[in-house]
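*Asks:* Okay, handing you the structure first.
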Amino acid sequence: MRIAIIGGGIAGLAAAYELEQARVAGASVEYTLFESRARLGGALASETVNGAVLERGPDSFLTEKASAAELCREVGLADELVPSNDAGRKTFIVVRNRLVPLPDGLMFLVPTKLVPTALSRLFSLPTKLRMGLELLLPPRPSGLPDESVASLVERHFGRETVDRLADPLLSGIYGGDATELSARTVLPRMVEMEEKYGSLTRAMLAAHRQMHARGQQNGAKRTTRAIFTALRGGMRQLVEAITARLDPASIRLSTPVVALEKRADGWLVSSGEQAERFDAVIMASPAWVAGALLSPVDAALGEELSGIPYSSSITLNLVYDEAKLGPLPAGFGFLVPAVEGRAMLACTFAHRKFLGRTPPGKVVLRAFLGGMRNEALLAESDESLVATVRRELSEILGKSVLSRTVEPEAAQVTRWRRAMAQYAVGHQERKQRIAARVAALAGLRLAGNAYDGIGVPACIRLGRKAARELVALIG
Ligand SMILES: Cc1cc2nc3c(=O)[nH]c(=O)nc-3n(C[C@H](O)[C@H](O)[C@H](O)COP(=O)(O)OP(=O)(O)OC[C@H]3O[C@@H](n4cnc5c(N)ncnc54)[C@H](O)[C@@H]3O)c2cc1C
């Protein structure tokens, strides 16, 4: 079976890796990976600058989503996995230019500890009272239509919790807007919880108790895993390790696929002047590219795929000499709610989040900008973006920590255009309609961040699954 993989981001690479494994194990399979850029990895892009690992794209993945660490181990990177430094984990939210820590006991968006929540400066008194009353909410009928994350959170904890918690947390993950994102897709567990318990706080406490009881029953010692896992040399290590295991002749860089045609005997894949026949196609490009390529094959499918919104964002890494700064607040960094009216959405103190990736005495501040509400920033020059971030850092952290006159040793700006899919309200239904149309096109599989999870682990899972399904057809 000849398989074309379109897109050499982590989803396409994971698919290629799986096909290569099958080929080596004797399956009658050949693959060609088409990548429009001159390099593989897509959003995974890291560099070492002045001895510090700088991530242009993702800096890590969630440890509990096993597929990423599993793949790292398979490709020989077990010793390179670095846990997040959770002992120093503290996140701040910017509230009227001041850094306010997230209160203890917050389980994602749900407050579960009375005293820290009551004492927190993050919420006003009316919001705290509302959080108390939330305990009384009755179960919600199941099967109601999807709604936005903002609407779900507001029903439970009020508007201020949307502005100061849900929105900044989700901007930091999706570059997204809580009023647009689908609750059923982004917070599926919470939707289930409110159908069962009503109150999300009661539901979270019950889940916590059950977990604790299960742990005691099994006599198991509680092992706490780090929340995030990174790679010592950056995410590019994963790209390099996978690439080293692929057949170099199967990889076509700087080769965008420009047209697809479905024929009785398979698929015709055109890249520039060349058109080649394949038995199957794994579309691992962004959904908007997949939509454009597939619309001549199936107009309705093309429209569904093109209808998945994407956000654009900017990452900006600044390397400083620690001796020139005042003491940074103890923590991983801060999130900036949209209501603060700033360009920055978040800033990570990267040298603290993962230890051993920055030389001693150096500080790496990684700012995240843009997102659905501020795409215009992508048109600004690097100089202007660096100046904006330095000004905002100085205003938020205080001049005694980072005066505007302290020059960074290095600055790195990366623009990510239409890189992060947004799971808008109704995403689950859209996914079902897409799956039905794909099932009618023999040999087509989709992978990537537009469908079942935005994170690196989900992209790996889908890429490998697409490849396995096609290999299984060989029989
Ligand atoms: C700034 C940023 C920070 C992030 N942080 C995290 C994080 O910390 N943790 C986490 O888990 N996730 C994070 N994510 C999300 C995650 O990195 C991405 O969702 C994931 O890497 C996407 O992989 P992909 O293979 O689906 O798509 P992509 O990486 O976008 O790859 C698609 C590839 O297709 C290629 N392509 C496009 N058109 C064509 C064509 N016509 N022909 C051939 N090739 C084509 C592109 O050049 C690209 O290489 C982040 C994303 C970004 C942008």
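The values are calculated or read from the model by the stated rules, or taken from the named source; none is laboratory data. Model, not experiment: these values are computed from the prediction. So basically every Cβ, Gly included, is an ideal-geometry build from the backbone, and we count neighbours across all protein chains shown. These area figures cover heavy atoms from the full protein model, side chains too; ligands, DNA and RNA do not enter into them. Shrake-Rupley method; radii C 1.70, N 1.55, O 1.52, S 1.80 Å.
*Asks:* Among the residues in the stretch 443-459, are any open to solvent by 50 Å² or more (accessible area, probe 1.4 Å), part of a helix (DSSP H, G or I) and of a type in the set (D, E, K, R)?
*Replies:* Scanning the stretch 443-459, I find no residue that is open to solvent by 50 Å² or more (accessible area, probe 1.4 Å), part of a helix (DSSP H, G or I) and of a type in the set (D, E, K, R), so the answer is no.
*Asks:* Could you list all residues from the stretch 132-155 that are in contact (Cβ under 8 Å) with a residue 40 or more places away in the chain and surrounded by 21 or more Cβ atoms within 10 Å (Cβ to Cβ)?
*Replies:* L152, V153
*Asks:* Another one. What residue, among those in the stretch 190-199 that are open to solvent by less than 30 Å² (accessible area, probe 1.4 Å) and not in a loop (DSSP other than H, G, I, E, B), is nearest to P337 (Cα to Cα)? Reasoning before the result, please.
*Replies:* Going through the stretch 190-199, the residues open to solvent by less than 30 Å² (accessible area, probe 1.4 Å) turn out to be 190-191, 193-194, 198-199.
Okay, now just the ones that are also not in a loop (DSSP other than H, G, I, E, B), so 190-191, 193-194.
Details: M190: 22, V191: 24, M193: 26, E194: 26 Å.
Among residues in the stretch 190-199 that are open to solvent by less than 30 Å² (accessible area, probe 1.4 Å) and not in a loop (DSSP other than H, G, I, E, B), the one nearest to P337 (Cα to Cα) is M190.
*Asks:* Can you pull out the residues in the stretch 37-63 that are near the ligand (Cβ under 10 Å from one of its atoms), in contact with a strand residue (DSSP E or B) (Cβ under 9 Å, 6 or more places away or on another chain) and of a type in the set (A, V, I, L, M)?
*Replies:* Listed by number, the residues that qualify are L40, A43, L44, A45, L62.
*Asks:* Hey, another quick one. In the stretch 17-32, is there at least one residue being open to solvent by less than 30 Å² (accessible area, probe 1.4 Å), within 9 Å of the ligand (Cβ to nearest atom) and not aliphatic (A, V, I, L, M)?
*Replies:* Within the stretch 17-32, not a single residue is open to solvent by less than 30 Å² (accessible area, probe 1.4 Å), within 9 Å of the ligand (Cβ to nearest atom) and not aliphatic (A, V, I, L, M).
*Asks:* Related question: Assess whether G76 counts as being open to solvent by 60 Å² or more (accessible area, probe 1.4 Å), away from the ligand (no atom under 16 Å from the Cβ) and assigned to a loop (DSSP other than H, G, I, E, B).
*Replies:* So G76 fails the test.
*Asks:* For the stretch 1-16, how many residues meet the condition of being crowded, with 24+ Cβ neighbours inside 10 Å, more than 6 Å from the ligand (Cβ to nearest atom) and assigned to a strand (DSSP E or B)?
*Replies:* Total meeting the criteria: 3.
*Asks:* Can you tell me which residues in the stretch 370-404 are under 22 Å from V100 (Cβ atoms) and assigned to a helix (DSSP H, G or I)? If you could, list the steps in order and put the result at the bottom.
*Replies:* Initial filter on the stretch 370-404 (under 22 Å from V100 (Cβ atoms)): 371, 373, 389, 391-402.
Hits for the stretch 370-404 are V389, R391, E392, L393, S394, E395, I396, L397.
*Asks:* For R164, indicate whether it is at negative phi, modelled with pLDDT under 95, open to solvent by 40 Å² or more (accessible area, probe 1.4 Å) and under 26 Å from the mean Cα position of the chain (by Cα).
*Replies:* On the way: at negative phi: yes; modelled with pLDDT under 95: yes; open to solvent by 40 Å² or more (accessible area, probe 1.4 Å): no; under 26 Å from the mean Cα position of the chain (by Cα): yes.
The answer is no for R164.
*Asks:* List every residue pair whose Cβ atoms sit under 9 Å apart, with the two residues 6 or more apart in sequence or on different chains, where the first one lies in the stretch 103-114 and is among the hydroxyl-bearing types (S, T, Y) and the second, anywhere, is open to solvent by 30 Å² or more (accessible area, probe 1.4 Å).
*Replies:* Partner pairs satisfying both residue conditions: T112/L106; T112/L205; T112/H208.
*Asks:* For the stretch 43-53, check the following and say yes or no: at least one residue is of a type outside the set (A, V, I, L, M, F, W, C), touching a helix residue (DSSP H, G or I) at 6+ places or on another chain (Cβ under 8 Å) and open to solvent by less than 10 Å² (accessible area, probe 1.4 Å).
*Replies:* Within the stretch 43-53, none of the residues are of a type outside the set (A, V, I, L, M, F, W, C), touching a helix residue (DSSP H, G or I) at 6+ places or on another chain (Cβ under 8 Å) and open to solvent by less than 10 Å² (accessible area, probe 1.4 Å).
*Asks:* Within the stretch 170-189, can you find the residues that are in a helix (DSSP H, G or I) and buried (at least 21 other Cβ atoms within 10 Å of the Cβ)?
*Replies:* Within the stretch 170-189, L170, S171, Y174, A183, R184, T185, V186 qualify.
*Asks:* Going by the structure shown, is V110 under 27 Å from the mean Cα position of the chain (by Cα), modelled with pLDDT of 95 or more and surrounded by 20 or more Cβ atoms within 10 Å (Cβ to Cβ)?
*Replies:* It is false that V110 is under 27 Å from the mean Cα position of the chain (by Cα), modelled with pLDDT of 95 or more and surrounded by 20 or more Cβ atoms within 10 Å (Cβ to Cβ).
*Asks:* Next question, about the same structure. Out of the residues in the stretch 420-434 meeting the condition of being not in a helix (DSSP H, G or I) and not β-branched (V, I, T), tell me which one is surrounded by the fewest Cβ atoms within 10 Å (Cβ to Cβ).
*Replies:* Per the criteria, the residue is G426.
*Asks:* Name the pairs whose Cβ atoms lie under 6 Å apart, with the first residue in the stretch 61-81 and under 13 Å from A230 (Cα atoms), the second open to solvent by 70 Å² or more (accessible area, probe 1.4 Å), and 6 or more positions between them or separate chains?
*Replies:* Filtered contacts from the stretch 61-81: T63/R225; E80/R232.
*Asks:* Could you look through the stretch 200-237, keep only residues that are β-branched (V, I, T) and surrounded by 10 or more Cβ atoms within 10 Å (Cβ to Cβ), and pick out the one that is modelled with the highest pLDDT?
*Replies:* The qualifying residue modelled with the highest pLDDT is T229.
*Asks:* A further question on this structure: So, in the stretch 319-370, exactly how many residues are without any contact (Cβ under 8 Å) to a residue 24 or more places away in the chain and surrounded by 17 or more Cβ atoms within 10 Å (Cβ to Cβ)?
*Replies:* Here the count works out to 1.
*Asks:* Next up: Answer with yes or no whether L71 is of a type in the set (A, V, I, L, M, F, W, C), open to solvent by less than 10 Å² (accessible area, probe 1.4 Å) and part of a strand (DSSP E or B). Walk me through how you get there before you give the answer.
*Replies:* Details: of a type in the set (A, V, I, L, M, F, W, C): yes; open to solvent by less than 10 Å² (accessible area, probe 1.4 Å): yes; part of a strand (DSSP E or B): no.
The answer is no for L71.
*Asks:* A further question on this structure: Select from the stretch 42-91 the residues that are among the hydroxyl-bearing types (S, T, Y) and under 13 Å from V456 (Cβ atoms) and list them in ascending order.
*Replies:* Hits for the stretch 42-91 are S46, S60, T63, S67.
*Asks:* Every residue in the stretch 85-107 that is open to solvent by less than 30 Å² (accessible area, probe 1.4 Å) and either part of a loop (DSSP other than H, G, I, E, B) or on the phi > 0 side of the Ramachandran plot (or both), please.
*Replies:* P103, G105
*Asks:* Show the residue pairs that are 6+ apart or on different chains and have beta-carbon atoms under 9 Å apart, the first residue being within the stretch 444-471 and basic (K, R), the second being near the ligand (Cβ under 9 Å from one of its atoms) and open to solvent by 10 Å² or more (accessible area, probe 1.4 Å).
*Replies:* R445/A284; R445/L462; R461/K65; R461/G453
*Asks:* Return the only residue of R415, R404, R437 being open to solvent by 20 Å² or more (accessible area, probe 1.4 Å) and within 15 Å of the ligand (Cβ to nearest atom).
*Replies:* Numbers: R404 fails: within 15 Å of the ligand (Cβ to nearest atom); R437 fails: within 15 Å of the ligand (Cβ to nearest atom).
Checking each option against the conditions leaves just R415.
*Asks:* Another one. For residues in the stretch 272-309 being open to solvent by less than 10 Å² (accessible area, probe 1.4 Å) and either closer than 23 Å to E30 by Cβ or over 31 Å from the mean Cα position of the chain (by Cα) (or both), which is farthest from the ligand (Cβ to nearest atom)? Talk me through it step by step, then tell me what you get.
*Replies:* If we filter the stretch 272-309 for residues that are open to solvent by less than 10 Å² (accessible area, probe 1.4 Å), which is where we start, we get 278, 280-283, 287, 290-291, 294, 301-302, 305, 308.
Going one step further and asking which of them are either closer than 23 Å to E30 by Cβ or over 31 Å from the mean Cα position of the chain (by Cα) (or both), we end up with 278, 280-283, 290, 294.
Values: F278: 14, A280: 16, V281: 11, I282: 11, M283: 9, A290: 9, L294: 11 Å.
My answer is A280.
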